[in-house]
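Have a look at the structure below before the remarks.
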Amino acid sequence: MAPLTLRIVLDTLRKCHTPPKTFLHFRTPLDLLVATILSAQCTDSRVNMVTRDILYPKYKKASDYLAVPRRELERDVHSCGTYRNKAKYIQGMCGMLIDQHHGEVPRTMEELTELPGVGRKTASVILSAVFGIHEGIAVDTHVFRVARRLGLTRGNTPEKVEQDLMHGAPKKEWGEVTTLLISHGRSVCTARNRTCDRCPFQNSCPSSWVSRKKDLGKPVARASKKQKPR
C-alpha cells in the first residue's frame, strides 16, 4: 500500500475537522503573543481561562504589563505553571515591543524570535493566525506525534518535523497543517489510548500496523525538560 502523503492527510482531515485558526482565545496580536507564551507546558483551556478572567480585562497594551510589579504578574499567571519564567518573558517581551516596535507586535519571523520567550513555534502561530503570513509550521506535541505516526516524517526533533511538513504542502496551507493535525491528535490520535478504529487512516497508517507498545509518534531520544522559548 502506498504511503500517506500530506496532501491526502489534509484533504481527509478537512472532512473530519473544522478547527479555528488557533485554539487560544485573543482579541489583539499582543493577546495572542501573551497567550502563546503561557501555553508552554500548559493546556489551552487553562490558558484561555486565565486570559479571559484575569489578563485581558486587566492588561490592554504592552505598557500595562510593565506597570505592575513582577510578583503581581506572577500571581496572575500562576496557574499556568512555570509562572516566574513566563512573567519574566512577558514583561521582557513587552519592554522590547515598546522600545523597538512602538508597542506593536512585529510581522516578521526574525523580529518575533528576537523577543524574550518567543521561539519559532510561537512566531509561526502569531504570523499565521493574526497576520495571515506563513513562514513556518508550528509543531507542538500533537503535530509532532500525529505526523510521525502517519509516516509523514521520521524527524526526531520539532525542527526536522517542521521542515518535512513544509515540503509537503504549499505555504498558504501551513497554518492549516497545524490546526488540522492538532484537532486529529486531540480527538482521535491521542497520546494514550489512541482510537485507531475511529481514524480515517486506519488502513494506511503505519502506526496502526504495529503494537501499541511501539509508538511511532515518540522520538527516539528524550528531549530536555528545560523550558526554552517555543
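Bear in mind these aren't lab numbers, they're just calculated from the coordinates by the rules spelled out. Fair warning: this is a prediction, and the values are worked out from it, not measured in the lab. Cβ coordinates were reconstructed from backbone atoms using ideal geometry, including for glycine residues, and neighbour counts include every protein chain displayed.
Here are the numbers:
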| item | result |
| --- | --- |
| Cβ-Cβ FRET estimate between GLU72 and GLU111, R0 fixed at 25 Å, reported to 0.05 | 0.35 |
| Paramagnetic reach from ALA2 (point 7 Å along Cα→Cβ, amide N under 18 Å) across the range 157-192 | 168-170 |
| The chain: relative contact order in percent, alpha carbon pairs under 8 Å with at least 6 residues between | 23 percent |
| Violating pairs (Cα-Cα greater than 29 angstrom) within the set LYS86/LYS160; LYS60/LYS88; LYS15/LYS60; LYS60/LYS171; LYS61/LYS171; LYS58/LYS171 | LYS15/LYS60; LYS60/LYS171; LYS61/LYS171; LYS58/LYS171 |
| Degrees separating the helix 174-187 axis from the principal Cα axis of the chain, which is the longest one | 70 degrees |
| Length-normalised contact order of the range 29-131 in % [C-alpha pairs under 8 Å, at least 6 apart] | 29 percent |
| Nearest 10 degrees, 0 to 90: helix 158-168 Cα axis against the chain principal axis | 60 degrees |
| Along the chain, longest interval not containing exposed GluC sites (Glu not before Pro), exposed being DSSP loop plus at most 15 other Cβ atoms within 10 Å | 115-230 |
| Neighbour-count ranking [beta-carbon atoms within 10 angstrom, fewest first] of VAL125, VAL50 | VAL50, VAL125 |
| Neighbour-count ranking [beta-carbon atoms within 10 angstrom, fewest first] of HIS134, HIS167, HIS184, HIS25 | HIS167, HIS25, HIS134, HIS184 |
| Per-residue Cβ neighbour rank within 10 angstrom, fewest leading, SER45, SER79, SER183, SER128 | SER45, SER79, SER183, SER128 |
| Extension gain (nm, one decimal) between LYS172 and MET49, 0.36 nm per residue minus Cα-Cα | 41.2 nm |
| Mean separation of Cα contacts under 8 Å (6+ apart) over length of the range 138-177, as relative contact order % | 36 percent |
| Helix axis angle, 83-101 relative to the chain longest principal axis, alpha carbon, degrees | 70 degrees |
